[in-house]
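For reference, the structure is listed below as structure tokens.
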Amino acid sequence: MIGKSYFLVSLLQVGLSQEWKGHTPREVTAQDGLCVQIPCHYSYPSHLANQRRDGVWFNTEEEIPWAPLAFHSKDRKHELPRFRHRTRLSGDLKDGDCSLIINDITREDAGPYFFRIEFDSGPSHNYYPATRLHVSDFTDKPRITPAEIIEGKRVDISCTFDTTCNGTAPVLTWDTPTDVPGSVSNTVTQHGVTLTYTTVLSLTLSPKHHRQNLTCRVRYPSVTSERTLVLTVQYAPRNLSITSLDMINASWINIIEGNSTVIICSVESFPASNLTWRHLSVPMNRTSSNNELWLVIPHVTPRDTGDYECVAENEHGSVEGSITITVEHAPRNLSITSLDMINASWINIIEGNSTVIICSVESFPASNLTWRHLSVPMNRTSSNNELWLVIPHVTPRDTGDYECVAENEHGSVEGSITITVEHGPRNLSMTSLDIINTSWINIIEGNPTVIICSVESFPASNLTWRHLNVTMNRTSSNNELWLTIPHVTSRGTGDYECAAENEHGAVEGSITIIVEYATRNLSITSLDMINASWINIIEGNSTVIICSVESFPASNLTWRHLNVTMNRTSSNNELPLVIPHITSRDAGDYVCVAENEHGAVEGSITIIVEHLPQEAVVSISRSSGGITEGSNITLTCSSESVPPISHYTWFRIEGNTSTQLNTRSRTLSFNPVTRENDASFYCTVRNPLGNSTSNITHLDVQYKPEISRESECSRKSEGVTCICVANSNPPGDLTWHLPRANISDNQTHGRLVSWWVRDGHLVIGSLILTGPQDEEEVTASCSVRNPHGEAMFKVYLWVKDRDFSEWTVGLLMAGIILCAFVDGILIFMYVKKRKAATEERDSEASDIALSPSPLTVKNQGKQNRLLTDPRNTTRDTNGEGDTPAPPGHSEDAVGGSAGHGNTDKHDNLLYANIIFMKPPSGDGTVSREEDTEYAQIRFQQN
């Protein structure tokens with residue numbers, strides 16, 4: 001009855017379809033953060049004009065169950081939460097205006113929209129095609145209308161922003177220079193569908209705001225944009241300045257005669273000023289619309305002396321300034337004179353006498369004069385072209401060059417004279433590369449040496465070296481004499497005298513030579529010493545090691561460990577090192593270094609610290625992808641120990657029980673590893689001083705999915721239910737494959753309902769086919785996949801509505817009974833044959849069996865057939881499925897262990913044909929005494 005009514009309504013709608021018309025654009029584009037209006041106008045049959053109506057906008061391509069609502073004029077609570085309070089109609093539904101406004105557009109709002117009209121006592125109609133909304137970036141910017149800005153005058157600057165939607169209003173704000181007060185007025189105007197928001201900023205600006213930024217910003221709840229205006233403030237010339245490289249101050253310049261000069265006039269103004277240079281009221285240079293003007297005088301003459309004026313002017317005013325040029329020159333013709341002068345370059349003065357030297361120069365302006373001796377200023381005067389230097393009592397320290405320097409701002413000049421002071425020998429000194437002090441020298445036996453005698457005197461002295469009153473070397477008129485001893489022997493020990501003399505006096509001195517030798521015969525001793533190179537010490541004990549050496553002079557001794565200084569002494573040929581409490585950090589080489597000024601020597605000893613084994617660590621050799629069943633895994637037990645580890649012991653933890661393994665190797669290998677090895681392991685190590693236990697390491701063995709024997713399909717009155725159970729590590733992802741869709745989540749697809757959960761390494765899924773089965777064929781399969789492979793469980797369901805005669809039903813029943821009898825014999829023989837092989841590997845595999853529930857059959861005109869095809873396809877994720885093989889030809893059954901069976905054999909394919917004669921009336925329980933429409937198929941692994 002309902003179907004016929006629906007058909008009549010459909011015919012009525014077809015008949016009136018020419019009056020149901022809608023006008024909406026195919027596409028609308030909105031900017032992110034703004035609002036959008038989807039224009040919509042609709043028509044409908046005229047007899048519905050006075051009926052109450054409701055408008056609905058859907059956020060989808062076409063009407064589907066539970067389609068998302070963007071707007072509902074009657075009950076807003078049906079709208080999606082994200083549309084609530086953001087959507088409305090811009091017109092009146094009675095006028096045929098169904099335009100939709102969406103405020104605060106986001107990227108999530110993009111997609112199709114279509115309109116539906118619903119009359120209270122009449123039909124409803126959907127208007128297609130849908131309008132697709134596109135959301136783009138927010139790119140609209142405000143417009144700033146520039147205005148002429150003159151300093152001190154108030155100016156109005158406008159900023160406008162246009163939008164075609166009267167949703168959430170934008171907020172217009174100004175960013176102005178911080179010290180500018182102003183007022184703002186805002187207006188909104190509308191021209192057609194365009195809304196214009198205007199803000200006017202009134203302010204007064206000064207020249208300091210020239211080229212500063214003025215920004216107008218448009219702000220919506222989630223987006224903003226802005227436009228910036230660079231201010232151009234017009235003002236009269238100001239801050240005129242005149243500069244030059246030759247400038248002395250701000251009002252005049254002194255220029256050396258014959259040189260060139262450049263004077264620069266610059267000013268601040270906008271627009272740029274016209275500049276003019278004038279000299280003696282005569283224009284010399286001019287430029288227009290430029291705030292800088294250079295005046296070049298290539299060759300200065302006396303005629304160029306005088307005032308130079310610069311005038312700057314624009315339409316807002318003028319300003320001027322001036323500078324004076326005068327001619328100058330650097331110092332020249334410097335001369336030095338003295339009453340004691342012999343010639344123009346030097347003077348000889350006897351020690352104790354006095355002298356005066358005079359420096360004079362020509363310059364304008366007057367120069368600053370300075371006398372210097374040995375680069376040290378002695379006398380100075382400023383703005384004076386003559387300077388006297390008086391030395392009242394001449395001493396040998398006054399010997400040397402005397403420079404006179406004259407300088408002014410244009411240049412400088414200098415001259416010099418040399419004063420030499422005559423005196424007898426003094427400050428006699430003896431030096432050598434081997435010298436320690438002024439009275440003696442230590443020399444290594446067999447080495448050469450050179451000793452040097454030097455003296456101060458003028459004129460130069462005669463020098464003589466003597467040893468044991470015997471003259472060894474002599475020179476005349478020279479203040480330095482070298483004595484070379486090529487090979488020092490014991491006869492060379494003693495005092496060496498040097499004598500110096502000239503016409504003003506004599507002086508002598510002596511030095512002593514002694515023989516030395518470098519460090520040698522370094523030795524290291526200890527009470528704990530086993531031999532000369534190393535010591536074994538138990539951790540916690542103390543030790544003392546002593547370093548001794550032979551040398552003269554006595555050596556500096558240093559103990560170092562790991563390049564770190566531990567103990568040091570100077571001028572001592574023995575150094576003990578005390579370690580009060582030995583730890584493992586004290587192990588290693590200890591170096592003793594002995595050195596004096598002639599050489600160095602070093603020796604070393606090794607301390608070995610015996611200690612308990614350090615904390616043992618178990619490491620796993622594996623790839624980055626984890627531990628996969630069938631791969632080779634090795635556990636390694638490691639620990640630092642002195643003396644070395646003598647015994648390794650391995651333990652396996654199962655539950656609360658720890659079991660010792662029968663191995664003493666440092667490594668524990670699993671070749672290959674299986675899921676039975678998924679357990680925790682640790683090791684203990686031992687040396688003569690004690691033992692240590694490692695951390696607990698767990699082997700997480702991963703393997704591909706396998707369909708469990710608990711997977712089954714059953715038929716009851718409410719429908720067909722298939723259960724898919726798979727075991728894997730990590731637990732896999734379960735997918736039901738249907739003729740028109742794949743389901744990998746808890747959801748409903750038509751009359752098919754699916755769900756799945758994980759429980760440890762198991763994933764359990766259910767697929768339920770509910771309601772009447774009027775399709776000719778329904779096919780479903782369950783696949784479980786993890787990174788190591790995939791397993792599949794497949795089901796075929798046939799349901800046909802046909803009338804059969806009693807003879808047809810009888811023959812069909814006889815055929816089914818005969819097939820069941822033959823299948824039973826084959827399965828019995830197969831199970832018996834496999835049982836013997838199963839007993840030999842009971843811990844590695846389990847049986848596979850097909851166990852149909854008891855069936856009774858009655859003749860009826862309806863035939864239902866259920867075919868279940870379990871398939872455990874274990875393959876790599878990128879591989880292809882295997883072709884099913886007949887029973888008895890595969891070692892990989894549902895629920896089996898992929899790590900134990902032969903993966904090269906084909907999968908089993910099991911069949912079950914069940915006839916359902918009538919709908920069940922009970923709870924689905926199967927028995928031989930009553931009719932049933934229920935069958936259960938279980939799959940178990942051989």
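When the charge dipole of the range 611-688 is built from unit charges on Cβ atoms (+1 for Lys and Arg, -1 for Asp and Glu) and taken about the Cα centre, the candidate among Val642, Phe670, Thr659 whose Cα reaches farthest toward its positive end is Val642.
Taking a sphere under 15 Å around the Cβ of Gln234 and counting the other residues whose Cβ falls inside, with K and R at +1 and D and E at -1, yields a net charge of 0. Maximal additional length on extending the Ser241-Leu280 stretch stands at 12.1 nm, based on 0.36 nm per residue less the C-alpha distance.
Seen through its C-alpha gyration tensor, with square-root eigenvalues sorted a ≥ b ≥ c, the range 423-579 comes out prolate because a/c lies at 1.5 or above while a/b is bigger than b/c. Ligands, DNA and RNA excluded, the heavy atoms of Glu615 present near 140 Å² of accessible surface to a 1.4 Å solvent probe. Modelled spin-label separation between Arg26 and His85, with each label point placed 7 Å from Cα along the Cα-to-Cβ direction: 3.8 nm. Measuring from centroid to centroid over Cα atoms, what is the spacing of the range 643-706 and the range 427-489 in Å? The range 643-706 and the range 427-489 have Cα centres separated by 83 Å. Between Val193 and Thr770, residue separation times 0.36 nm minus the direct Cα-Cα distance comes to 202.3 nm. Along the axis of the charge dipole computed for the range 38-80 (Cβ charges of +1 for Lys and Arg, -1 for Asp and Glu, origin at the Cα centre), the listed residues Ile38, Phe58, Ser73 are led at the positive end by Ser73. Largest accessible area first, the listed residues Glu292, Glu503 line up as Glu503, Glu292 when surface is computed with a 1.4 Å probe on the assembled protein chains. Local charge for Leu334 was computed over the other residues whose Cβ lies under 13 Å away, with Lys and Arg +1 and Asp and Glu -1, and equals -4. Per-residue SASA remark: Met284, around 90 Å² accessible (1.4 Å probe; ligands, DNA and RNA not included). A Förster radius of 45 Å combined with the Cβ-Cβ distance from Val262 to Met341 puts the calculated FRET efficiency at roughly 0.45. The slack in the chain from Asn656 to Glu602, taken as 0.36 nm per residue of separation less the alpha-carbon distance, amounts to 13.5 nm.
Rolling a 1.4 Å probe over the heavy atoms of the protein chains gives the range 109-239 an accessible area of 49 Å² per residue. Less than 5 angstrom separates the built amide H of Phe552 from those of Tyr517, all sequence-distant by 5 or more or on a different chain. Sorted largest first by accessible area at a 1.4 angstrom probe radius, with every protein chain in place, the residues Leu433, Leu214 fall in the order Leu433, Leu214. For the range 388-500, a crude dipole built from +1 on the beta carbon of Lys and Arg and -1 on the beta carbon of Asp and Glu, taken about the Cα centre, is about 760 debye to the nearest 20. Estimated at the nearest 10 Å², the accessible area of Arg751 is 70 Å² with a 1.4 Å probe. Across the range 470-535, the relative contact order, built from alpha-carbon pairs under 8 Å that are at least six residues apart, equals 20 percent.
With a 1.4 Å probe rolled over the protein heavy atoms of all chains, the accessible area of Trp650, Trp755 falls in the order Trp755, Trp650, largest first. Legend: calculated FRET efficiency, Arg143 to Asn742, from the Cβ-Cβ distance at R0 = 41 Å, rounded to 0.05, equals 0.15. About its Cα centre, the range 576-627 has a charge dipole of approximately 440 debye under the convention of +1 per Lys or Arg Cβ and -1 per Asp or Glu Cβ, with nothing else charged. For the range 22-167, what's the relative contact order in percent, using C-alpha pairs closer than 8 Å and at least 6 residues apart? Rounded, it is 31 percent for the range 22-167.
The values are calculated or read from the model by the stated rules, or taken from the named source; none is laboratory data. As the structure is a prediction and not an experimental result, all values here were calculated from the model. Every residue, glycine among them, receives a Cβ derived from its backbone with ideal geometry; neighbour counts consider all protein chains shown. What goes into the accessible areas is simple: the full protein's heavy atoms, side chains included, and nothing from ligands, DNA or RNA. Shrake-Rupley method; radii C 1.70, N 1.55, O 1.52, S 1.80 Å.
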